[in-house]
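Nothing in this text is a laboratory measurement; each read-out follows from the coordinates by a stated rule. Because the structure is predicted, anything quoted here is derived from the model rather than measured. Cβ coordinates were reconstructed from backbone atoms using ideal geometry, including for glycine residues, and neighbour counts include every protein chain displayed.
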Amino acid sequence: MYDLFNNANKLSFLRIILSILFSIGLCDLYINNNKISIILLILFIIISLTDIFDGKIARKNNLTSSFGSKLDVIADITFVLLSYIVLVYVNKIPSWFLILTIIVFSEFILTSSILANNKDKSLIFDKIGKYFGVICMAIPGMVLFSNIINCNYIVNIIIIITSIMGIISFISRLVKCYKIKKLD
């Protein structure tokens, strides 16, 4: 029987909990002007490490599963969306970027079932979309760091580049789905 609470999945569950705490901390930082940037940066690093190591642990210990893969994506999306909602509210990132991110993540989940050629309907990643997701995960940390060193314009440039990557991934996946459905 497959263990839903193996060490790899525990890291993904932990990332969901830490994402909630991170978002609460962002609210406290920007709304109440509390000086907890360093604590949030450390929390961001821990969240990032859980994202790196959950998959490595699963592969090393032969614990990979469709559930674990989906849980990892759910944890990533939870972190990004909760963080982005706060960052939009406090005017650190534009609201259109949150909307674009939701659209691209939704498309990824929906088109994966069409692009998957296996029975468990695993999530199918494309290279540009994977980079989009990685940068989306990094943006909350970049916002925190840019506030510490006072260079917010860099985050805006990264958001524009990331948006272009998301749009390219979105279009290419839809074209692939169209071709698959056209062949059916």
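Structure data summary
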| read-out | value |
| --- | --- |
| Per-residue Cβ neighbour rank within 10 angstrom, fewest leading, S19, S95 | S95, S19 |
| Least to most buried among V90, V73 (fewest other Cβ within 10 Å first) | V90, V73 |
| Linear extension gain, Y153 paired with I171, 0.36 nm per residue minus alpha-carbon span | 3.7 nm |
| At R0 = 22 Å, FRET efficiency that the Cβ-Cβ distance of S66 and L21 yields, to 0.05 | 0.20 |
| Euclidean distance between Cα centres, segment 81-110 to segment 26-67, Å | 18 Å |
| Longest DSSP-loop-exposure-free segment, trypsin sites (Lys or Arg not before Pro), the chain, at most 11 other Cβ within 10 Å | 36-118 |
| Among I139, I148, I167: highest mean-square fluctuation, GNM of the chain, C-alpha pairs under 10 Å | I148 |
| For Cα extents along the principal axes in Å, calculated from these coordinates, the label among [x] 57, 46, 29; [y] 55, 38, 21; [z] 55, 36, 29 | [y] |
| Relative exposure of F132, F13, judged by other C-beta atoms within 10 Å (fewest first) | F13, F132 |
| Nearest-0.05 FRET efficiency for F13 and N33, computed from C-beta distance (R0 41 Å) | 0.80 |
